[in-house]
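Accompanying notes for the structure given below.
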Ligand code: BGC
């Protein structure tokens, strides 16, 4: 637990499931107030709100498209209307949709770049505008991936979006550091979430993936939520512009592990 998080207000995009929901639950345990953004899964978002409220926490849901400028603005305004301020903005909503690069449609490429990169920019921009105007030492956390730095065949759009996100995180961190605003990313490895459902349910694919991870197992969403809580808290006050890899060592070039090479 981080005492300084108590009473803080956070927005989490794509908060109704997967990593977003784990972050929301952890933030609620820290006694933070939450605006849980979702795009299509209203039921899951409302269930999570009820779960948090039933435990004595504060949370509301918010439906919207992260690619609409007005919606992103409204998201911030909703946090202000409901909870009077905003401290932490978590850009989490993201997607993947693999295809061989030579067959990838422009539509597919654009969709991933839009949601995983432009959507994050619009989220960050609306939070930053509020932080700057009101002199708030706010905090932005971008959910990224090991594929910020690991190339990923058939996921060229996804890897490009995450590589771009790395530079976006660093640039915004540098641009706003003097105002006390911090911008960091979490580089998630293979985590047990719906995005990896297929791999988790196929024993061959699961074993293959586990074999690639130095610690030997697929991570749980809570380990990402732990990183988000730390980055949100003042315990990390001297940290900005980083990507904190939470990946069981996936970024350590595992094929060299036995001294090969
Ligand atoms: C992806 C997962 C994948 C992991 C490791 C993440 O960014 O969302 O699907 O298992 O990277 O490759």
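For segment 184-207, a residue qualifies if it is assigned to a loop (DSSP other than H, G, I, E, B) and either crowded, with 16+ Cβ neighbours inside 10 Å or within 12 Å of the ligand (Cβ to nearest atom) (or both), and the qualifying residues are 189, 190, 192, 193.
Answer yes or no: is there a residue in segment 217-235 that is exposed (fewer than 14 other Cβ atoms within 10 Å of the Cβ) and on the phi > 0 side of the Ramachandran plot. No, that holds for no residue.
Within segment 38-47, not a single residue is modelled with pLDDT of 95 or more, part of a loop (DSSP other than H, G, I, E, B) and surrounded by 21 or more Cβ atoms within 10 Å (Cβ to Cβ). Checked against (1) over 12 Å from residue 146 (Cβ atoms); (2) surrounded by 12 or more Cβ atoms within 10 Å (Cβ to Cβ), residue 261 meets all criteria but (2). Among residues of segment 140-156 being out of contact with any strand residue (DSSP E or B) (no Cβ under 6 Å at 6 or more places or on another chain) and in contact (Cβ under 8 Å) with a residue 60 or more places away in the chain, the one that is farthest from the ligand (Cβ to nearest atom) is 149.
Here residue 260 passes the criteria (1) more than 13 Å from the ligand (Cβ to nearest atom); (2) outside any helix (DSSP H, G or I); (3) in contact with a helix residue (DSSP H, G or I) (Cβ under 8 Å, 6 or more places away or on another chain) except the one numbered (3). Taking every residue in segment 192-206 that is within 20 Å of residue 144 (Cα to Cα) and pairing it with any residue that is more than 10 Å from the ligand (Cβ to nearest atom) and not in a helix (DSSP H, G or I), at least 6 positions away or on another chain, the pairs with Cβ-Cβ distances below 7 Å are 192/220; 194/17.
Among the residues of this structure, residue 251 counts as one that is more than 22 Å from residue 14 (Cβ to Cβ), in a loop (DSSP other than H, G, I, E, B) and within 12 Å of the ligand (Cβ to nearest atom). Taken as a whole, the condition of being surrounded by fewer than 21 Cβ atoms within 10 Å (Cβ to Cβ), within 13 Å of the ligand (Cβ to nearest atom), farther than 27 Å from residue 77 by Cα and modelled with pLDDT of 95 or more applies to residue 210.
The values are calculated or read from the model by the stated rules, or taken from the named source; none is laboratory data. Everything numeric in this text was worked out from a predicted model, so none of it was measured. Cβ sites come from the backbone with ideal geometry, for glycine too, and all protein chains shown count toward neighbours.
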